[in-house]
Amino acid sequence: MRDQKRGKAFYVLGAFFILFVLFLYGPMSTIFILSFQGPEGGLTFPMRGVSLNWFRNLTEKQMVGDFAGSFARSFSLGVIVMLLTVVIALSGGLAFRHRFKGAGVIFYMAIASLIVPSILVSLGIGLQFRIIGWDTTWYGSALGAHLTWTLPFGLLIMFAIFNRFNKSYEEAARDLGATPWQVIRHVVIPIILPSLIGIALFGLTLSYDEFARTLMTAGTDNTLPLEIYAMTTNVTTPVLYALGTVTSAFSFIIIILALGAVSFVRWRRARHGSDAGRGV
């Protein structure tokens, strides 16, 4: 097999993949590198020294931009969206396991926001709040706007999980006298826990980075994406790149922690299974 010559399609697809990687990680790598500019450095190459000056600058009071406040709002909003997405997606997945009248309509209404342009969702929610007479806030209108983005992903994941879920585990628990709540708590949730962690990761990261659905709904207090966008018009130092590096590192840390949690759950499940097999 190794002696067979690769066709032209292999090299074409290989070149396309390389271009894709460069397009995806090239700008990010440029920002990472330029964030380590020296104190006299600018926004472009060549670099003028190497230092952590602009990262230290993030901890100082800025003439423009509210780094700490916008980060706290984005993180808080992301956590709230994450928790609501997990709870609602799990509840929806459990509900749709049983056929009921109007299930199709509810399903398509739940995922319809995926095909609606994000800026229109933001504009519509913002206008609706103004018509009602309510102020737009990051914890109110923006929360609802973000849920229109994260919930469809959570629901689709839960539908896929429950579509291949083996109901014999639940039947065995009921035969042993478990109540419906005990079946969910001790049987269903432990089995689908890795998927719930994945939904939580979707909810947190999608909300934390969301710009378009926050633009018209956050009110007077910016979230971090809005703050970064506002800073692009008046910040002329690599402190903006340092902020981008820190926020990207934060996102990667969240992903690594989620993957670690999934691996730990699988390890515990495999260990308990082997212990049960030995009669422990």
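The values are calculated or read from the model by the stated rules, or taken from the named source; none is laboratory data. Everything quoted here is computed from the prediction, not taken from an experiment. In this analysis, Cβ positions are derived from the backbone assuming ideal geometry, glycine residues included, and neighbour counts consider all displayed protein chains. Protein only, heavy atoms only, side chains kept; ligands, DNA and RNA dropped before computing areas. Shrake-Rupley method; radii C 1.70, N 1.55, O 1.52, S 1.80 Å.
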I want to verify a result. In a Gaussian network model of the chain, Cα cutoff 10 Å, which of these has the top mean-square fluctuation: T44, T214, T233? T233
Apply the Karplus curve 6.51 cos²θ - 1.76 cosθ + 1.60, θ = phi - 60°, to the phi angles in the range 130-138 and return the couplings in whole Hz, x for Gly and Pro. 5, 5, 5, x, 9, 6, 7, 9, 5
Compute a Gaussian network model of the chain, connecting alpha carbons closer than 10 Å, and tell me which residue from E40, E227, E210 fluctuates the most. E40
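On the protein heavy atoms, probe 1.4 angstrom, tell me the percent of accessible surface of the chain carried by carbon and sulfur.
Working: 11910 of 17600 Å².
Summing carbon and sulfur atoms, their accessible area is 68 percent of the total for the chain.
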What's the extension gain from E171 to V12 if we count 0.36 nm per residue and subtract their Cα-Cα distance? 52.1 nm
Between V105, V87, V121, find the one with the highest GNM mean-square fluctuation for the chain; connect C-alpha pairs within less than 10 Å. V105
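When all alpha-carbon pairs of the range 83-148 are counted, what percent fall beyond 17 Å? Kindly include the intermediate steps, with their values, before the conclusion.
Working: 1138 of 2145 pairs.
Roughly 53 percent, once rounded to a whole number.
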Which entry is the computed Kirkwood radius over Cα pairs in Å for this structure: [x] 19.6; [y] 22.4; [z] 21.1? [y]
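Ranked from the most accessible area to the least, with a 1.4 Å probe and all protein chains present, what is the order of I192, I115, I132? Each step should come with its number before you reach the end.
Numbers: I192 5, I115 145, I132 90 Å².
Listed by decreasing accessible area, they come as I115, I132, I192.
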For the pair V116 and S263, what calculated FRET efficiency results from E = 1/(1 + (r/R0)^6), where r is the Cβ-Cβ distance and R0 = 35 Å, to the nearest 0.05? 0.45
Only helical DSSP H runs with n ≥ 4 go in: add -39500 (n - 2.57) per run for the chain, normalise by residue count and round the 222 nm mean residue ellipticity to 500 deg cm²/dmol. -22500 deg cm²/dmol
Quick calc, L127 & L94: beta-carbon distance into FRET formula, R0 30 Å, rounding 0.05, result 0.30
Stokes-Einstein D for the range 23-112 (4 °C, 1.567 mPa s, Kirkwood Rh from Cα pairs), in µm²/s, comes to 73
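Excluding ligands, DNA and RNA, what is the solvent-accessible area per residue of the chain at a probe of 1.4 Å, expressed in Å²? It would help to have the intermediate numbers written out before the result.
Values: 17600 Å² over 280 residues.
Each residue of the chain exposes 63 Å² on average to a 1.4 Å probe.
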So, with points 7 Å from each Cα along the Cβ direction, the S76-Q182 label distance in nm works out to 4.1
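Relative contact order (percent) for the chain, with alpha-carbon contacts under 8 angstrom and 6 or more residues of separation? Show your work: numbers first, answer last.
Values: 277 pairs, mean separation 83.1, N = 280.
Dividing the mean separation by the residue count of the chain yields 30 percent.
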Two-decimal Rg to Rh for the range 136-269 - Kirkwood Rh, Cα set: 1.13
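Take every Cα pair under 8 Å in the range 1-143 that's 6+ residues apart, average their separations, divide by the length, and report that relative contact order as a whole percent.
Details: 53 pairs, mean separation 16.5, N = 143.
After rounding, I find 12 percent.
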Got a sec? Charge dipole of the chain, +1 on Cβ for Lys and Arg, -1 for Asp and Glu; which of A89, S29, G177 is way out at the positive end? G177
